[in-house]
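Reading through the structure tokens given below for one structure.
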Amino acid sequence: MASSSGTNLSAAIRQSPPVDLTIPYEPSWIKDKTILITGGASGFGAGFVRHWAKHGATIIVGDINVEKGNTLVRQVQQETGNKNIHFVHCDVTDWQSQVKLFKEAIKLSLHGGIDTVVANAGIAGDDPLQQPKGLSAAEPPKPNFKIMDVNCTGVLYTTHLAYYWLPRNPGSIPSSMDSNPSKSNRDRHLLFLGSVASLAPIALQPQYGAAKHAVLGLFRSLRASSHIQGVRVNLLCPYFIDTPIVTTSARIALAGGSLGKVEDVVDAATRFVADERILGRALVIGPKIHVKQLEDGEWKLVEKNAPGSRETAIWEAYADDWEEVDAFSKNLVRVLNALQASRGWIGWATDMVRAVGYGFGFGRR
Ligand SMILES: NC(=O)c1ccc[n+]([C@@H]2O[C@H](COP(=O)([O-])OP(=O)(O)OC[C@H]3O[C@@H](n4cnc5c(N)ncnc54)[C@H](O)[C@@H]3O)[C@@H](O)[C@H]2O)c1
């Protein structure tokens, strides 16, 4: 549930206030929702499938790994008794493959629409920008930018298809922070998998860092205009979490620290999927720690059971950005609009003549 502070500001920038993580949410709100997950056969995706199947969702997993996908679906159907869990082969880097995944999801959906799309598929690993190959050749061979293809282009394809299908979800209405998640089942929600690498540099993985920064940029740009299609967008930014994507070399580099747990990523994602009042928010997920909030708002790491402390793995990100950047952009646009209005029709006509002239090459240097 989102806190109610700053309601006027949130109305102006059409984004819900920072999430109050101390307020519980109700996972049963996801019952009967249709959820499409790319890369859902392993790691976080598999965690989402297991948890949301228990709560009665219809889930369509699209993944390149047919064996893992089919096995997961079979197991989850057996364990939960929920038969509405399906696997469809999909390579997110292939536009037609994603088109087919979304069409299949519409056919398999019990209500003929999709409520939540989770743009989750992702890879990491060898990066030619970090470990160039073929340096003895006369010229460098074409690099393999697969990480960018999957983690950026694949996400753009998913976004484009989500923006087509979500507003067509029968019975859905434009998302709003005033909606009542206990009454409504239809939604229009796009959930992105960013990373802490969306917010900070990631050493030795420049392509991964670039792709995850792109996902952050996509999320921040879309949330500023999501009211147009009535689609709500949210973002998860996990730290290193124990799934197969974390390579052996990363595990060695992190030795002595701790990896986060899939269950905490599932918890953060479930809050987003269940609570339709959350619009345009980002959560960071890391290992569970005990912290105490100081008077200046900063968090201090403390011993377990220290007075006034709490255990948490999930953090609200971009709270300040929400007030300082989005509100600033909104005000800037308002001021520029006011300037335009003050120039009146003559200003508009002058600019139009200049713009058309520019098309014919006048005024270009
Ligand atoms: N685990 C972490 O530490 C961590 C941290 C931050 C962000 N993430 C992000 O979370 C998402 C899920 O990662 P995970 O940790 O569950 O990893 P994972 O390797 O367990 O799962 C990724 C899934 O994506 C699938 N996939 C890969 N390429 C694909 C393609 N071209 N088309 C369709 N499916 C494809 C894989 O088959 C796999 O099932 C990724 O976007 C990842 O970048 C993970």
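The values are calculated or read from the model by the stated rules, or taken from the named source; none is laboratory data. No experiment lies behind these values; they were computed from the predicted model shown. Because the Cβ atoms are built from the backbone with ideal geometry, glycine has one as well, and the counts that use them run over all protein chains shown. The area values use the complete protein model at the heavy-atom level, side chains included, leaving out ligands, DNA and RNA. Shrake-Rupley method; radii C 1.70, N 1.55, O 1.52, S 1.80 Å.
Using a 10 Å cut-off on Cβ atoms, rank the peptides 193-203, 284-294, 75-85, 229-239 from the highest mean neighbour count down.
229-239, 193-203, 284-294, 75-85
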Inset, instruction - Let me know the shape class of region 325-365, please: from the alpha-carbon gyration tensor, a ≥ b ≥ c as square roots of the eigenvalues, rounded when a/c is under 1.5, otherwise prolate if a/b is greater than b/c, or oblate. - result: oblate
Legend entry - By accessible area with a 1.4 Å probe, ligands and nucleic acids excluded, highest first: order of HIS189, HIS213: HIS213, HIS189
Legend entry - Straight-distance crosslink candidates among lysines, where the alpha carbon sits under 19 Å from LYS212 and sequence neighbours closer than 8 are dropped: LYS146
Inset, instruction - At 0.36 nm per residue, minus the direct Cα-Cα distance, what do ASP242 and LEU129 gain on full extension? Give it in nm, one decimal, please. - result: 38.2 nm
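So what is the 222 nm mean residue ellipticity for the chain from helices alone, if each DSSP H run of at least 4 adds -39500 (n - 2.57) and you divide by all residues, rounding to the nearest 500 deg cm²/dmol?
Value at 222 nm, helices only, nearest 500: -11500 deg cm²/dmol.
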Legend entry - Label-point gap, in nm, between SER221 and GLU67 - each point 7 angstrom along Cα→Cβ: 3.9 nm
Inset, instruction - Roll a 1.4 Å probe over the protein heavy atoms and report the accessible area of ARG186 in Å², nearest 10. - result: 50 Å²
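Cα gyration tensor of region 7-317, axes a ≥ b ≥ c as square roots of the eigenvalues: rounded (a/c below 1.5), prolate (a/b > b/c) or oblate?
Values: a/c = 1.44, a/b = 1.08, b/c = 1.34.
Rounded, because the longest to shortest axis ratio a/c is under 1.5.
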Inset, instruction - Sketch the reach of a paramagnetic label on ARG168 as a point 7 Å from Cα along Cα-to-Cβ, and name the residues of region 94-128 whose backbone nitrogen lies under 16 Å away. - result: 96-117
Legend entry - Cα centroid of region 223-300 to Cα centroid of region 105-180, whole Å: 18 Å
Inset, instruction - Quick one: what are the phi-derived ³J(HN,Hα) couplings along region 310-316, Karplus 6.51/-1.76/1.60 with θ = phi - 60°, whole Hz, x for glycine and proline? - result: 9, 9, 8, 10, 10, 10, 6
Legend entry - Förster-model FRET efficiency, 51 Å R0, LEU254 and ASN337, C-beta, rounded to 0.05: 0.55
Legend entry - Ranking by accessible area, most exposed first, for HIS55, HIS227 with a 1.4 Å probe: HIS227, HIS55
Inset, instruction - Would you mind getting me the FRET efficiency between ILE228 and PHE145? Use the beta-carbon distance for r and R0 = 35 Å, nearest 0.05. - result: 0.65
Inset, instruction - Enter the accessible area of LYS68 (Å², nearest 10), with the probe set to 1.4 Å and all protein chains included. - result: 90 Å²
Legend entry - region 146-229: relative contact order as a whole-number percent, Cα under 8 Å and 6+ apart: 35 percent
Legend entry - Check: the chain dipole with +1 on Lys, Arg Cβ and -1 on Asp, Glu Cβ, in debye: 920 debye
Legend entry - Integer Hz, Karplus 6.51/-1.76/1.60 couplings in order for region 122-130, x for Gly and Pro: x, 9, 9, x, 4, 10, x, 5, 9
Inset, instruction - Compute the Cα gyration tensor for region 191-320, then decide on rounded, prolate or oblate, letting a ≥ b ≥ c be the square roots of its eigenvalues: rounded whenever a/c is under 1.5, prolate when a/b is larger than b/c in the other cases, and oblate in all that remain. - result: oblate
Inset, instruction - Could you work out which residue, out of PRO174, PRO307, PRO17, moves most in a Gaussian network model of the chain, that is, has the largest mean-square fluctuation with Cα springs under 10 Å? - result: PRO307
Legend entry - Choice from GLY62, GLY297, GLY40 with maximal GNM fluctuation in the chain (Cα, 10 Å cutoff): GLY297
Inset, instruction - With springs connecting C-alpha atoms under 10 Å apart, model the chain as a Gaussian network and identify which of LEU218, LEU72, LEU129 has the largest mean-square fluctuation. - result: LEU129
Inset, instruction - Quote the relative contact order of the chain in percent (integer), defining contacts as alpha-carbon pairs under 8 Å separated by 6+ residues. - result: 17 percent
Legend entry - Rounded to whole Hz, the Karplus (6.51, -1.76, 1.60) HN-Hα couplings of region 147-162, x for glycine and proline: 4, 5, 4, 6, 7, 10, 4, x, 5, 5, 4, 4, 4, 4, 6, 5
Legend entry - Relative contact order, percent, region 7-142 [alpha-carbon distance under 8 Å, six or more residues apart]: 24 percent
